[in-house]
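None of the figures in this text is laboratory data; all of them are computed from the coordinates on show. Everything numeric here is computed off the predicted structure, so don't read it as measured data. No Cβ is skipped: glycine too gets one built from the backbone with ideal geometry, and neighbour counts run over all protein chains shown.
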């Protein structure tokens, strides 16, 4: 197993984990359930830890695909820039969640505000993580790029048009 494999294996966790943690934290805040807020805080801090090897294996993953046909360097750069922002937001979310958890264990009134701050961070973080994943997916999954989709639709239309033309020729032959 190489670093590219680990990058591809782990990269979905911070995206999905942040979404799940945000949902749990929102529900915990709305229902004032400490167990849900604590669980969300643990999820955020876990995702912050997992995001570190994902980020660190990004550069070796780039080296393994940058010379492959169909890989656009511009998409790699977009992904890299998005990942730099996302890792900082993920770490800030993890820290905010840990602070909120610590304050709640100390039974401080400011814990509610800290959980709200962690929730806001988590929403911003999720958007950044999802954006990073979107750009990362476009590096090798050309089927989701707009240019490939347009070319594929054009090709499908041409193929269907060709079949229809063949069918018309056959019909004309049968009529003779």
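Summed over region 28-66, residues that are within 17 Å of residue 16 (Cβ to Cβ) and without any contact (Cβ under 8 Å) to a residue 24 or more places away in the chain total 1. Within region 4-52, the set of residues being outside any helix (DSSP H, G or I) and under 19 Å from the mean Cα position of the chain (by Cα) comprises just one member, 11. One residue stands out in region 53-76 among those that are in a loop (DSSP other than H, G, I, E, B) and at negative phi: the one that is surrounded by the most Cβ atoms within 10 Å (Cβ to Cβ), namely 57. I'm trying to understand the selection: among the residues of region 95-125, which are touching a helix residue (DSSP H, G or I) at 6+ places or on another chain (Cβ under 7 Å) and outside any helix (DSSP H, G or I)? Of everything in region 95-125, just one residue is touching a helix residue (DSSP H, G or I) at 6+ places or on another chain (Cβ under 7 Å) and outside any helix (DSSP H, G or I), namely 110.
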